[in-house]
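Visitor: Below is a structure I'd like to ask you about.
Derivation of every value follows stated rules applied to the coordinates shown; laboratory data play no part. All values derive from a computational prediction rather than experimental measurement. Every residue, glycine among them, receives a Cβ derived from its backbone with ideal geometry; neighbour counts consider all protein chains shown.
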Amino acid sequence: MLAAPWSILIPIVAAYLCGSIPFGLLVGKWFCGVDLRTHGSLNIGATNAARVLGKKWGLLVLLLDALKGLLPTLLLPLLAADTDLRQHVQVGCGIAAIVGHMFPCWLGFRGGKGVATSLGVVSIVVPWGMLIAFGAFILTFLLSRIVSLSSIVAAVALAVGQMILLWPAPFRHQTWSIAAFSLIVPVLVIVRHRTNIGRLLKGTEAKFGTPKPAT
């Protein structure tokens with residue numbers, strides 16, 4: 001076990017580095033000879049990978065991006081010597097992995113939207129909230145066929161759902177980090193979709209399965 005404060009700092013930094021692994025870029029270059037940063041929406045995430053490389057590669061990127069959020073969040077907090085801190089370290093690792101995907105140090109801090117990585121993290125930190133968010137995503141996607149809108153609705157559903165689950169005292173001593181997580185992650189996801197929000201308001205956002213112009 002690591003001694004404090006290293007038991008907090010080292011897992012969080014390691015989670016960020018794991019989250020920073022650009023699987024979409026690597027899959028595109030290694031298997032298809034394509035740099036996703038120059039095709040489609042110019043994004044390294046699973047949606048653009050599916051659009052540019054094909055659905056099977058998009059699914060692979062989705063799985064890898066989810067795992068790089070799930071595994072660090074699940075395993076790295078075990079390094080904390082103080083078991084009472086592990087929940088809070090887990091939250092820190094989860095946020096760090098998501099931030100790593102969105103702002104990877106290897107790519108000049110220009111990464112993806114963070115939805116798949118958030119899915120992996122949320123499944124560990126707030127599994128009931130994940131089910132609420134996933135249900136909201138699926139329902140919105142079935143109705144709209146727009147991934148960005150579905151992701152935004154899922155983010156809002158996570159925040160609202162978790163606040164309801166933690167009510168009436170979400171920020172009490174035992175759960176303050178979970179409550180903070182349930183607000184920070186949706187805000188990060190929505191902010192990363194700000195250009196999509198602009199296109200949604202204009203009615204020009206592409207539906208899944210249709211070509212999307214570079215932005």
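Visitor: With each label point set 7 Å from Cα along the Cα-Cβ vector, what nm distance links residue 59 and residue 75?
Guide: 2.5 nm
Visitor: Quick check: Cα centre of the range 77-132 to Cα centre of the range 18-75, how many Å?
Guide: Between the Cα centre of the range 77-132 and that of the range 18-75, the gap is 17 Å.
Visitor: Longer than 22 Å from Cα to Cα, which of 55/207; 68/202; 55/113; 113/202; 29/68; 29/113 are they? Say none if no pair is. Mind dumping the intermediate values first?
Guide: Details: 55/207 15 Å; 68/202 34 Å; 55/113 18 Å; 113/202 20 Å; 29/68 19 Å; 29/113 20 Å.
Distance filter (> 22 Å) returns 68/202.
Visitor: If you don't mind, another one. Determine the sum of side-chain charges near residue 197: Lys and Arg each +1, Asp and Glu each -1, restricted to other residues whose C-beta is under 12 angstrom from that of residue 197.
Guide: Result for the local shell: +4.
Visitor: Explain nothing, just compute: Karplus ³J(HN,Hα) = 6.51 cos²θ - 1.76 cosθ + 1.60, θ = phi - 60°, for every residue of the range 69-74 in order, whole Hz, x for Gly and Pro.
Guide: Working through the residues one at a time gives x, 5, 5, x, 5, 7 Hz.
Visitor: Turning to a different aspect of this structure: Can you give the convex hull volume per residue for the Cα atoms of the range 104-172, as a whole number of Å³? Spell out each step's value before the answer.
Guide: Working: hull volume 7.0 nm³, N = 69.
Per-residue hull volume (Cα only) is 101 Å³.
Visitor: Need one number: nm distance between label points at residue 32 and residue 110, each 7 Å from Cα along Cα→Cβ, rounded to one decimal.
Guide: Output for this residue pair reads 1.9 nm.
Visitor: Moving on. For residue 6 and residue 191, compute 0.36 nm times the residue count separating them, minus their Cα-Cα distance, and round to one decimal in nm.
Guide: Values: separation 185, 0.36 × 185 = 66.60 nm, distance 3.06 nm.
Result: 63.5 nm gained on full extension.
Visitor: If you don't mind, there's one more thing I want to ask. Between residue 145 and residue 165, what is the spin-label point distance in nm, taking each point 7 Å from the Cα along the Cα→C-beta axis?
Guide: According to this spin-label approximation, the distance is 3.2 nm.
Visitor: Which residue, 105, 69, 28, has the largest displacement toward the positive end of the dipole of the chain when charges sit on each Cβ (Lys, Arg +1; Asp, Glu -1)?
Guide: The residue sitting most towards the positive pole is 28.
Visitor: What FRET efficiency comes out for the pair residue 201/residue 67, r = Cβ-Cβ distance, R0 = 22 Å, nearest 0.05?
Guide: Values: r = 34 Å, r/R0 = 1.53.
The computed FRET efficiency comes out at 0.05.
Visitor: Once the Cβ-Cβ distance between residue 172 and residue 82 is put in as r, and R0 is 22 Å, what FRET efficiency do you end up with, to the nearest 0.05? Write down the numbers at each step before the final one.
Guide: On the way: r = 19 Å, r/R0 = 0.87.
Given R0 = 22 Å and the Cβ-Cβ separation, E is 0.70.
Visitor: Next question, about the same structure. Computed on alpha carbon atoms, what radius of gyration and Dmax characterise the chain, expressed in Å?
Guide: In order Rg, Dmax, the Cα atoms of the chain give 17.2, 53 Å.
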